[in-house]
Amino acid sequence: MAMIRRYHVIAAVALVAAATLMTFTAYRYVTRGTYASLGDALVGGPFTLTDQTGKTVTNADFKGRYMLVYFGYTFCPDVCPTELQVMSAALDKLGAAGSKIVPIFITIDPARDTPKVMAQYVANFNPRFVGLTGTAQQIAAVAKAYRVYYAKAKGWEKAGDSYLMDHSSIIYLMGPDGKFLKHFTYTTDASGLADKLKAAVGA
Ligand code: NI
């Protein structure tokens, strides 16, 4: 009996060890290998939207230039203004190299962010900014392409025109071919972003 029990314990320990090793190996494979490159390749893609002058624009209009893309909304009380300020300051720091990069702000709140609202808003940050809005369907499509999450914040669903939005906050750098190159999070400040952009696009 004792022998059998001990055998069971040893077998169970061996099983747990094997499962842990397999999980660890799979995790390493997923995080460092296939998934990381696959995930990157799947960010971005074609879009049709409306700029702050009311003109229809597509991804093809930015071909040959780098796009620095951020999704947010003009009523955002804190995160969006901070990130747009960081993008603006980083591009100013880059000087001439900055002209290769188009900073693009795409709203995830098209119901309130009309072209006119976007025009006034982006002008506050940098005249280089392109502000893009669209129909609810167009915005849903581009957000999906960039893996951006957004939703009306809890408790504001029926609040009429005053509500907050939850949304992911990531800055994407897309290459002159429109393909994903890098992303930056809120931990990147203006000089950090300028350095990383300089390394990515060349002086
Ligand atoms: Ni925001």
Just checking: which of the strands (runs of 3 or more DSSP E) contained wholly in the range 66-147 hold 1 or more residues that are within 16 Å of GLY54 (Cβ to Cβ) and open to solvent by 10 Å² or more (accessible area, probe 1.4 Å)?
130-132
Suppose the filter is of a type in the set (A, V, I, L, M, F, W, C), part of a strand (DSSP E or B) and open to solvent by 30 Å² or more (accessible area, probe 1.4 Å); does LEU173 pass it?
no
Please work out which residue is farthest from PHE105 (Cα to Cα), limiting yourself to the range 164-203 and to residues that are within 16 Å of the ligand (Cβ to nearest atom) and among the hydrophobic types (A, V, I, L, M, F, W, C).
LEU164
Give the range 117-145 a look and list any residue that's free of Cβ contacts under 8 Å to residues at least 12 places away in the same chain and among the charged types (D, E, K, R), or say none.
LYS144
Selected residue (only one of LEU68, LEU49 is more than 9 Å from the ligand (Cβ to nearest atom), closer than 19 Å to ILE108 by Cβ and touching a Ser or Thr at 6+ places or on another chain (Cβ under 8 Å)):
LEU49
Looking at LYS182, LYS154, LYS196, which is the one that is part of a loop (DSSP other than H, G, I, E, B) and in contact with a strand residue (DSSP E or B) (Cβ under 9 Å, 6 or more places away or on another chain)?
LYS154
Kindly provide the set of residues from the range 71-95 that are more than 15 Å from the ligand (Cβ to nearest atom) and among the hydroxyl-bearing types (Ser, Thr, Tyr), ordered by number.
SER88
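The values are calculated or read from the model by the stated rules, or taken from the named source; none is laboratory data. This is a predicted model, so every value here is computed, not measured. Note that each Cβ is placed from the backbone with ideal geometry, even for glycine, and that neighbours are counted across all protein chains shown. When the accessible area is computed, the model is the full protein with side chains, heavy atoms only, and any ligands, DNA or RNA have been set aside. Shrake-Rupley method; radii C 1.70, N 1.55, O 1.52, S 1.80 Å.
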